[in-house]
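Here is the structure we will look at.
The values are calculated or read from the model by the stated rules, or taken from the named source; none is laboratory data. Keep in mind that what you see is a predicted model, and the values were worked out from it rather than measured. In this analysis, Cβ positions are derived from the backbone assuming ideal geometry, glycine residues included, and neighbour counts consider all displayed protein chains. SASA here: full protein model, heavy atoms, side chains in, ligands and nucleic acids out. Shrake-Rupley method; radii C 1.70, N 1.55, O 1.52, S 1.80 Å.
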Amino acid sequence: MGMKDEHGSDRNTKKSFIYYYIIVMVIMILFNALTVPWIQSKRIVEVPYSSFLEMIDQGQVKAVYRTDTEIQFLAESGEVNRLGEKIYGTYKTGLWPDDQLLNRLQENNVEEYDQAIVEQMSPLLSFLLTWILPILIFVFLGNFMSRQMQKRMGGGNAMTFGKSNAKIYAESETGKTFQDVAGQEEAKEALKEIVDFLHNPQKYSDIGASLPKGALLVGPPGTGKTLLAKAVAGEAHVPFFSISGSEFVEMFVGMGAAKVRDLFKQANEKAPCIVFIDEIDTIGKKRDGGGITGNDEREQTLNQLLAEMDGFDGRKGVVILAATNRPDSLDKALLRPGRFDRRIPVELPDLSGREAILKVHGKTVKLSDNVDFHGIALATAGASGAELANIVNEAALRAVRMGRRTVTQEDLEESVEVVIAGYQKKDAVVSTRERKIIAYHEVGHALVAACQTHSAPVHKITIIPRTSGALGYTMQVDEEQKYLMTKDEALNKIATFTGGRAAEELIFHSVTSGASNDIEQATKIARAMVTRFGMSDRFDMVALETVTNQYLGGDTSLACAPETSREIDEEVIRIVKEQHQKALDILKQNENKLHQIAAYLLERETITGEEFIEIFNREDKIQGLPG
Ligand code: ADP
Ligand code: MG
Ligand code: ZN
């Protein structure tokens, strides 16, 4: 993005060129006043009249010119050049009433003598030549250079070395408005206030309110933080400086701080405006006392940022937005009132949010009439805005591959699976026996899920291998948005995860490595139940683990004694074992259903939730185990 805000930058360069003109003037004055006469006086040696006569008598004088005020003459200087020729110097002397001069010149064979007709230059012309012309030349050069510099400024040239690379987005360039951001109503509400402030600050100052200087957008990756910031710029119609935290971290020490300084200087000049610092965690990390880690550079940058944020006047209309997905790692000083005191959560979208995001992105593709975004939104619990945008795009690509002109529901459903599990592996050769194991494994999951009351309905079962390595999978889709998970639901989830392995054991009396992902998931839930959700009687409501980075994978760190840690493990093992046994019991009771559905799946490769339920309910209704 190049510079677009022509007026602002013009003012900026004009200002610096005023200095340029002043310097030029000073140099010219000095030059005219001192240098020129000095050079001239150096070159023409003044001698007494007597010496002049002497030099004529000795035949040293070559030419004589007489003006109204003096006599100038060329005479041997007494030196020779490298070729042995005499060097002549220019001399001058005063006028002396001397009638004999002409005779003397003739006698001594002076080659040339003349009364020079010095045309006195008109004072006006000489003034023009010595003052006005050079100034005009310098002005012209200056303008030319300033134009060149402006041209280069966008391209990050050496001329801009040490300047911030903050890009200025004009609204036409971000082209985003709040309408492009779906499902983030709270965040939009908070940002609308800022936009309103930039439009009519008077309204706020009248009542004595001052808006927060900075707002921090916090949330997992791909939820639309950068998009929101761009939308604010698009709505506010003010200059928008955008810089990414990583751009501050430069190779040269001190550059980061210089960039911060420059960024804020620019922003202050162009207020009202918005400064957006993306991925602020790269510079805003907690300063540690360690000192040996060599993070001086980053700390300097951070300190400069803190100082600048304190230094500017919030009422002037500079609003600072920043985005991060690691708020816990930010330095506390950044978060205190007067800096980023307003925190705007940008969470993963819920059901209606996902539907809205799909609709926003659906507008850019041609949809056929059967498209039902609600169904897709149901199937994509936990997906971020970026993933949903990707799903719509994948669907459009698939439609093109299939030679269709519009995107169908089928395209969307398939692309959900592509995003979850990767592309279908067309050439994968799976032996008959392995296919059978996979089919029973998947039906095992589905049956256990279906036989429990607090379990999401089965949406789809497939044994088509995927590029992600999944050999088959069972998709469960909740019928509505879930914000909480009860203890029963958690236990049922674990049972469902163990259902695949349980089916293998029951039918083939052997186990395979195919359950590794299930094992991981089941353990994760069981562990969270014990250490974070307070769902075990043994530990009651004691937090044994804390989540360290909530928005990036949710790593946890243990906070308990080693003995407790062992007890946690025991408790986790107990929970998983219990659910595994429950799954086995369910499958034993429904063994004939297991055979029926697995046979159907082997034949079709993919069965839908309806087909599954149809076979499941066909004759004898099986009573599920309680809870
Ligand atoms: P973040 O900065 O939070 O990591 P981005 O703002 O870069 O995420 O989002 C990436 C892309 O995902 C956006 O360009 C947009 O296409 C899509 N997207 C994300 N969130 C939303 C949303 N709430 N509404 C519409 N599109 C979204
Ligand atoms: Mg981003
Ligand atoms: Zn499995």
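So which residues in the stretch 213-237 are more than 16 Å from ligand 1 (Cβ to nearest atom) and open to solvent by 20 Å² or more (accessible area, probe 1.4 Å), if there are any at all? It would help to see each step written out before you state the result.
Our first condition is that a residue be more than 16 Å from ligand 1 (Cβ to nearest atom); within the stretch 213-237, this holds for 213-214, 236-237.
Answer for the stretch 213-237, where residues must be more than 16 Å from ligand 1 (Cβ to nearest atom) and open to solvent by 20 Å² or more (accessible area, probe 1.4 Å): Lys213, His237.
State whether one or more residues within the stretch 551-566 are in a helix (DSSP H, G or I) and either under 29 Å from Asn617 (Cα atoms) or of a type in the set (S, T, N, Q) (or both). Let's see the steps before the verdict.
Pass one, the stretch 551-566, residues in a helix (DSSP H, G or I): 562-566.
Within this subset, residues satisfying the condition of being either under 29 Å from Asn617 (Cα atoms) or of a type in the set (S, T, N, Q) (or both) are 564-565.
Scanning the stretch 551-566, I find at least one residue that is in a helix (DSSP H, G or I) and either under 29 Å from Asn617 (Cα atoms) or of a type in the set (S, T, N, Q) (or both), so the answer is yes.
Restricting to the stretch 15-58, give me the number of residues that are under 55 Å from the mean Cα position of the chain (by Cα) and either open to solvent by 70 Å² or more (accessible area, probe 1.4 Å) or at pLDDT 75 or above (or both).
16
Answer yes or no as to whether Arg501 is within 14 Å of ligand 3 (Cβ to nearest atom), assigned to a helix (DSSP H, G or I) and crowded, with 16+ Cβ neighbours inside 10 Å. Step through it out loud before you land on a result.
Numbers: within 14 Å of ligand 3 (Cβ to nearest atom): yes; assigned to a helix (DSSP H, G or I): yes; crowded, with 16+ Cβ neighbours inside 10 Å: yes.
Spelling it out, Arg501 is indeed within 14 Å of ligand 3 (Cβ to nearest atom), assigned to a helix (DSSP H, G or I) and crowded, with 16+ Cβ neighbours inside 10 Å.
Rundown of residues vs (1) more than 16 Å from ligand 3 (Cβ to nearest atom); (2) exposed (fewer than 15 other Cβ atoms within 10 Å of the Cβ), yes/no style:
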position	(1), (2)
Ile463	no, no
Met475	no, no
Lys487	yes, yes
Leu491	yes, no
Leu506	no, no
Ser510	no, yes
Ala522	no, no
Ile525	no, no
Ala543	yes, yes
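Between a residue in the stretch 458-481 that is touching a residue at least 60 places away in the same chain (Cβ under 8 Å) and any residue that is open to solvent by less than 30 Å² (accessible area, probe 1.4 Å) and β-branched (Val, Ile, Thr), which pairs come within a Cβ distance under 6 Å, given they are 6 or more apart or on different chains?
Close Cβ pairs satisfying both conditions: His459/Val477; Ile461/Ile607; Ile463/Ile438.
Scan the stretch 117-139 and tell me whether some residue there is part of a strand (DSSP E or B), open to solvent by 60 Å² or more (accessible area, probe 1.4 Å) and of a type in the set (Phe, Trp, Tyr). Reasoning before the result, please.
Taking the stretch 117-139 first, the residues part of a strand (DSSP E or B) are none.
No, that holds for no residue.
Restricting to the stretch 359-370, name every residue that is of a type outside the set (A, V, I, L, M, F, W, C) and either surrounded by 14 or more Cβ atoms within 10 Å (Cβ to Cβ) or over 25 Å from the mean Cα position of the chain (by Cα) (or both).
Within the stretch 359-370, the first condition is being of a type outside the set (A, V, I, L, M, F, W, C), and the residues that meet it are 359, 361-364, 366, 368-370.
Within the stretch 359-370, Lys359, His361, Gly362, Lys363, Lys366, Ser368, Asp369, Asn370 meet the criteria.
If His361 meets every condition in (1) at pLDDT 85 or above; (2) over 18 Å from Val181 (Cβ atoms); (3) of a type outside the set (A, V, I, L, M, F, W, C) apart from one, which number is that one?
Every condition holds for His361 apart from (2).
Out of (1) at pLDDT 95 or above; (2) within 48 Å of the chain's Cα centre (by Cα); (3) not hydrophobic (A, V, I, L, M, F, W, C), what's the single condition that is false for Arg566?
Going through the list (1) at pLDDT 95 or above; (2) within 48 Å of the chain's Cα centre (by Cα); (3) not hydrophobic (A, V, I, L, M, F, W, C), Arg566 breaks only (1).
Among the residues of the stretch 242-252, is there at least one that is within 11 Å of ligand 2 (Cβ to nearest atom) and within 18 Å of Glu297 (Cβ to Cβ)?
Filtering the stretch 242-252 down to residues within 11 Å of ligand 2 (Cβ to nearest atom) leaves 242, 244-245.
Right, trim to within 18 Å of Glu297 (Cβ to Cβ) and you get 244-245.
Checked against the condition, which is being within 11 Å of ligand 2 (Cβ to nearest atom) and within 18 Å of Glu297 (Cβ to Cβ), the stretch 242-252 yields at least one hit.
Under 22 Å from Asp341 (Cβ atoms), in contact (Cβ under 8 Å) with a residue 60 or more places away in the chain and within 16 Å of ligand 2 (Cβ to nearest atom): which single residue out of Leu217, Leu227, Leu211, Leu198 fits that description? If you could, list the steps in order and put the result at the bottom.
Values: Leu227 fails: under 22 Å from Asp341 (Cβ atoms); Leu211 fails: within 16 Å of ligand 2 (Cβ to nearest atom); Leu198 fails: within 16 Å of ligand 2 (Cβ to nearest atom).
Only one candidate passes the filter, namely Leu217.
Output the residues belonging to the stretch 415-459 that are buried (at least 19 other Cβ atoms within 10 Å of the Cβ) and under 35 Å from the mean Cα position of the chain (by Cα).
Ser415, Val416, Glu417, Val418, Ala421
Looking at the stretch 337-358, which of its residues are under 20 Å from the mean Cα position of the chain (by Cα), more than 17 Å from Phe178 (Cβ to Cβ) and either of a type in the set (S, T, N, Q) or open to solvent by less than 70 Å² (accessible area, probe 1.4 Å) (or both)?
Once the filter is applied, which keeps residues that are under 20 Å from the mean Cα position of the chain (by Cα), more than 17 Å from Phe178 (Cβ to Cβ) and either of a type in the set (S, T, N, Q) or open to solvent by less than 70 Å² (accessible area, probe 1.4 Å) (or both), the stretch 337-358 yields only Phe340.
Filter the stretch 450-474 down to the residues that are of a type outside the set (S, T, N, Q) and touching a Ser or Thr at 6+ places or on another chain (Cβ under 8 Å) and list them by number.
Start the filter on the stretch 450-474 by keeping residues that are of a type outside the set (S, T, N, Q), which leaves 450-451, 454, 456-461, 463-466, 469-473.
Those that are of a type outside the set (S, T, N, Q) and touching a Ser or Thr at 6+ places or on another chain (Cβ under 8 Å): His454, Val458, His459, Lys460, Ile461, Ile463, Ile464, Gly472, Tyr473.
Take the residues in the stretch 416-440 that are assigned to a helix (DSSP H, G or I) and in contact with a strand residue (DSSP E or B) (Cβ under 9 Å, 6 or more places away or on another chain); name whichever of them is nearest to Ala377 (Cα to Cα).
Taking the stretch 416-440 first, the residues assigned to a helix (DSSP H, G or I) are 416-421, 432-440.
Checking which are in contact with a strand residue (DSSP E or B) (Cβ under 9 Å, 6 or more places away or on another chain) leaves us with 416-418, 420-421, 439.
Values: Val416: 10, Glu417: 13, Val418: 15, Ile420: 14, Ala421: 17, Ala439: 27 Å.
Filtering first and then ranking leaves Val416.
State yes or no: is Val392 open to solvent by less than 20 Å² (accessible area, probe 1.4 Å), closer than 30 Å to Ala307 by Cα and within 16 Å of ligand 1 (Cβ to nearest atom)?
No: the conditions fail for Val392.
What are the residues in the stretch 318-336 that are open to solvent by 40 Å² or more (accessible area, probe 1.4 Å) and within 16 Å of ligand 2 (Cβ to nearest atom), if any?
So in the stretch 318-336, the residues open to solvent by 40 Å² or more (accessible area, probe 1.4 Å) come out as 326, 328, 332, 335-336.
Within the stretch 318-336, Arg326 is the sole residue that qualifies.
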